[in-house]
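The values are calculated or read from the model by the stated rules, or taken from the named source; none is laboratory data. As the structure is a computational prediction, the values presented were derived from the model and not from experiment. With ideal geometry, Cβ positions are generated from the backbone for all residues, glycine too; neighbour counts draw on all protein chains shown. Just the protein is used for accessible areas: all its heavy atoms, side chains included, with ligands, DNA and RNA removed. Shrake-Rupley method; radii C 1.70, N 1.55, O 1.52, S 1.80 Å.
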Amino acid sequence: MLKKLYRKYLIDKKLFRIFGKLIYYKKEWNLSWIDFIKNKSLLYFIFEIKKETMPLPFYLQVEPTTKCNLKCEFCTRKTMSKDRLNKDIDLNLLEKIFKENKNIKVVKLQGMGEPTISSNFEEILKFLKSKNVYLSTIINGTTLNSEKVRKLLLQYFDHIIISVDSIQKEKYEQIRKGAKFDNVVEGIKKLVKDNKKYKKKISINYVMSHLNYKEIPKTIDFFEKLGIPVGFVEVQNWKTPIDSEFFDEHNFVMQERIIREKIYNYIQQNLKEEYKEKYNFSFLMKSYHLKGKCNWGFYMCFITFDGLITPCCIRMEEKYALGSLKEKSFSDIWNNKNFKKFRKAHLKRIYYPLCEYCPD
C-alpha cells in the first residue's frame, strides 16, 4: 500500500503539487484544516480525484439576476428567452440549495445579469454571510458611484472583480454599451478608497482578444497605479456546435488563437520589468483545451436564478441544463445520468457537444 502511494504521489511529484494546492486554497478561501478533513468534495479537489459519481460540490457559481443595465457587444443575454430576462433569484431557492448541499464553502455571484442591480441583493448577501462561505462576485462597475453599493460589496464580499476590457474610453464604451468609462473609473477609485477600512481583495477582469491585446501593458500600468491587480483571460466560445451562432463565435475566437505567440511576444516586449514577475502570460504558449482537465461538473457547478443546474459558468443557458432544483433535489441532479454522461466524456475523452470546442 505504501509503495503504491509512493509511486502515485511522490515519484511524479504529485504530492508536492497537492501540498501546494492545499496551502494556497486554505489561505485563498479562508478555510480551516477541519474543512479539508470533513468536506469530501474539497478532498477530492485537492487530491485531484475525478469519478463518474462525485460528492456534492463545494464551489457554486450562482446567478443572482438576469437584469442588466448594459447591452454589451458580446453578451449572450440577447439569445435568452424573453420569459427568463429581468428576473431575480428567490431566497427560498438559496435556502433549498444550502439545505440540500452541506459541502458548500465557496460561492461566486455571477450570471447573465449585473449582480448589484438585483432587487434583493442585500437580502441575498445577508443570507450567504450567515452560511460562512467565501463570497466573490464579478460586476461591470457601473454602480460603484453609489455609496450603498460600495458598502454592501465591501461588507459582504471577500473578493470583488470588476470587468474592464479596454482603457480607451471610446473602445470601452463601444464594447460596454450603456456604460460611461469616466464614471466607472471614478467608481473604482471610490471603492479602492473605501476599502482601506475593509481590506478586501479587489481585482480587474480583462478578456483579451486579437482586438485589444496591445492595450495590455498600459492596462496593467493604469490599474496598478490605482492599487488593483489585473486578471487576464482569453476570449472563449460561449456557444456549442448545436447553436446557430456557434461558427461566428468560433471564428472570432480563432482569430486570437492563431496569433497567441505574437500576443505573448508583444506583451513581453512592452511590459515594464517591475510587472514581468507578477504577470505571467506563459499560458499563451500552451494548448489549454479543457476537456479532460476541467474541474467544472466535478467539484463546481453553475446554478441559474430559477434553479437550473448546468455543469459550468460558460454554459449558463437553459438548453445546457442537466437538471432543475424545482423538480429534483441537489443530490438527485448532481449524480443523475446527465451529469454522469458529462463526467464520463471527460474521463474517457468521449465526444460531448457542450465541451468539445471549449474554450475555442
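Using +1 at the C-beta of Lys and Arg and -1 at the C-beta of Asp and Glu, which of S130, G113, L152 has the Cα lying farthest in the positive direction of the dipole of region 101-159? With unit charges placed on the Cβ atoms, the residue in question is S130. Near K276, once Lys and Arg are set to +1 and Asp and Glu to -1 for all other residues with Cβ below 14 Å from its Cβ, the sum equals -3. Rounded to the nearest angstrom and listed largest first, the equivalent-ellipsoid semi-axes of region 1-153 from its Cα gyration tensor are 36, 17, 16. Computed over region 200-285, relative contact order equals 31 percent, with contacts defined as Cα pairs under 8 Å that lie 6+ residues apart. For K171, the aspartates and glutamates whose Cα comes closer than 20 Å to its Cα, not counting residues fewer than 8 places off in the same chain, are E73, D182, E186, E215, D221, E234, E249, E256. At an R0 of 30 angstrom, the distance between the Cβ atoms of E327 and R17 translates into a FRET efficiency of 0.15. Where the alpha-carbon atoms of region 76-129 are placed on the principal axes, they occupy 35, 21, 19 Å, in descending order. For Cα pairs less than 8 Å apart in space and 6+ apart in sequence, what is the mean separation divided by the residue count of the chain, i.e. the relative contact order in percent? Relative contact order comes out at 19 percent. Summarised in one figure, the compactness ratio Rg/Rh of region 233-306, Cα atoms and Kirkwood Rh, is 1.06.
A 1.4 Å probe run over the protein chains yields, for region 129-192, 43 Å² of accessible area per residue, whole-number rounding. Based on alpha carbons, the Rg and Dmax found for region 287-334 are 11.4, 39 Å. Computed per residue of the chain from DSSP H runs no shorter than four, each worth -39500 (n - 2.57), the mean residue ellipticity at 222 nm is -11000 deg cm²/dmol. Checked against a 21 Å cut-off, the cross-linked pairs K96/K131; K71/K214; K67/K108 give Cα-Cα distances beyond that limit for K71/K214.
Stokes-Einstein, applied to the Kirkwood radius of region 258-360 over Cα pairs at a viscosity of 0.890 mPa s and 25 °C, places its translational diffusion at 154 µm² s⁻¹.
The Cβ shell under 11 Å around M54 holds other residues with a net charge of +4, Lys and Arg each +1, Asp and Glu each -1. Restricted to Cα atoms, region 170-244 shows a radius of gyration and a Dmax of 15.1, 49 angstrom.
Its Cα gyration tensor gives region 222-271 an equivalent ellipsoid, and the semi-axes of that ellipsoid, as √(5λ) in whole Å with the largest first, are 29, 16, 6. Charge tally around N183: other residues with Cβ under 12 Å, Lys/Arg +1 each, Asp/Glu -1 each, net +2.
Each distinct pair of alpha carbons in region 63-218 adds a 1/r term; the inverse of their mean, the Kirkwood radius, is 16.6 Å.
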